[in-house]
Amino acid sequence: MANLQPLFEAISTAKNERELRSQVIPNLGKYFTATRSGLFFFDQLPMVDPKLQKVFETALSADYNPVVRYLVDRHSPVHDQVISPKAWKLICPRPDHWHVLAGPLVNRGKLIGGVGFTRTQDMKAFNTQNLIDLSAICLHLSTWVATVRSTSLQSDRLTDRELEIATLVAQGLTNAEIGAKLWITENSVKQALKRMFRKLEVSSRAEMVAMLKAVEVAS
């Protein structure tokens with residue numbers, strides 16, 4: 001049985017999504033002997049070409065795609081045994097997508113994306129061991145999402161001024177000291193912190209600082 005530890009370590013040490021896509025996902029593809037491999041997040045659909053957006057939304061619809069429906073309902077990896085290759089070909093006519101293996105990316109109890117692998121018709125179908133291995137891998141990928149990607153997305157919501165305030169909070173300055181340093185009132189600092197807490201979904205200065213430090217380490 002192959003050792004998954006190197007893959008787990010590669011996932012945990014990926015500093016950002018670009019590194020995850022360019023270095024980790026190709027190695028996962030090799031592990032599963034896949035023709036193609038990929039990672040997607042639902043919140044990135046608006047970033048695709050507007051001409052293709054409707055196609056992507058349909059292809060990833062749980063009402064249209066039984067593989068996606070399985071992931072939504074079970075949060076568990078699936079391969080093409082849930083749908084015949086012939087039926088899958090109607091959904092995705094690509095010749096290199098004959099055999100399909102897909103796993104969920106979950107955060108806070110919700111499916112937020114997935115990782116997928118495909119093989120051509122002349123290759124062996126994915127098996128039960130592949131499902132077991134992908135289940136373990138998806139656990140690590142979902143942990144990465146919660147600790148790296150989520151915090152990065154949250155910190156991106158802060159304005160430049162709010163990031164200035166966060167930096168001064170991390171230095172241990174009081175609201176009055178921050179206000180004096182930035183030439184704003186103490187109440188303005190208080191109101192800014194309230195907005196920042198809501199954006200980052202935290203409830204204290206210490207929690208905010210810890211989150212932003214995690215982002216700094218990951219970037």
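The values are calculated or read from the model by the stated rules, or taken from the named source; none is laboratory data. Quick caveat: nothing in here was measured; it's all calculated off a predicted structure. So basically every Cβ, Gly included, is an ideal-geometry build from the backbone, and we count neighbours across all protein chains shown. Ligands, DNA and RNA are excluded from the accessible area calculation, which covers all protein heavy atoms including side chains. Shrake-Rupley method; radii C 1.70, N 1.55, O 1.52, S 1.80 Å.
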> Could the peptides 109-116, 87-94 be put in order, highest first, of the mean number of other beta-carbon atoms found within 10 Å of their residues?
Replying inline: 109-116, 87-94
>> Just the number please: accessible area per residue for segment 63-178, 1.4 Å probe, all protein chains included, in Å².
In response: 50 Å²
